[in-house]
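Below: the structure, in structure tokens.
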Amino acid sequence: MTPRPTSEALVATAAALIGDRPARVADVGTGSGAIAVALAATLPRAEIVATDTSPAAVALARANVRRLGLADRVTVHRGDLLEPIEPPLDLVVANLPYLPEEEALRHPDLAGEPADAVFASGDGLGPYRRLVAASRARLRPEGSLVIQLRGRVLVASRQELTALAATLAVSRR
């Protein structure tokens, strides 16, 4: 995937939320691991756990983590959303697919990207809805979820997950 300015904003938002304290941070849908390694570089006291469903993405992310000398603080697992990660987490970040598969032809600028990293079935927001639900059980009471969606970064504390879920339920564009 081509890095986007919103991904930089996602990392900056995560860094502002965690600051200099020790933390457990999950990067869901890590792809190449770019966000996970950026988080590790920005948050030197954080443990980063990254997940992806794609075996190729997991292999690439692991190679990038090793190449950058971050294997002591970044682990990458193959699995769905937060399933392979033991709670509790201080922060969950994600850049998941959110565009409806039926809109693929309307986005020729994304033709070179892995389709399953950009497009999802239905209205495209199913992966985010499932992540919000999974985050409820994995986040510490003072934890937060930070997502990248349609060029914006959205933040929800654990107490605000219901409101975020409601927003995603009615969001269509």
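Annotation: amide H-H contacts under 5 Å for Ala50 (H modelled 1.01 Å from N, sequence separation of 5 or more, or interchain): Asp27, Thr75, Val76, His77. Between Arg129 and Leu68, the modelled labels are 3.3 nm apart [label points 7 Å from Cα along Cα→Cβ].
Values quoted throughout were computed directly from the atomic coordinates according to the rules given, and no laboratory measurement underlies them. What you see is a predicted model, and the numbers here were worked out from it, not measured in a lab. A quick note on method: Cβ atoms are made from the backbone with ideal geometry, for glycine too, and the neighbour counts reach across all protein chains shown.
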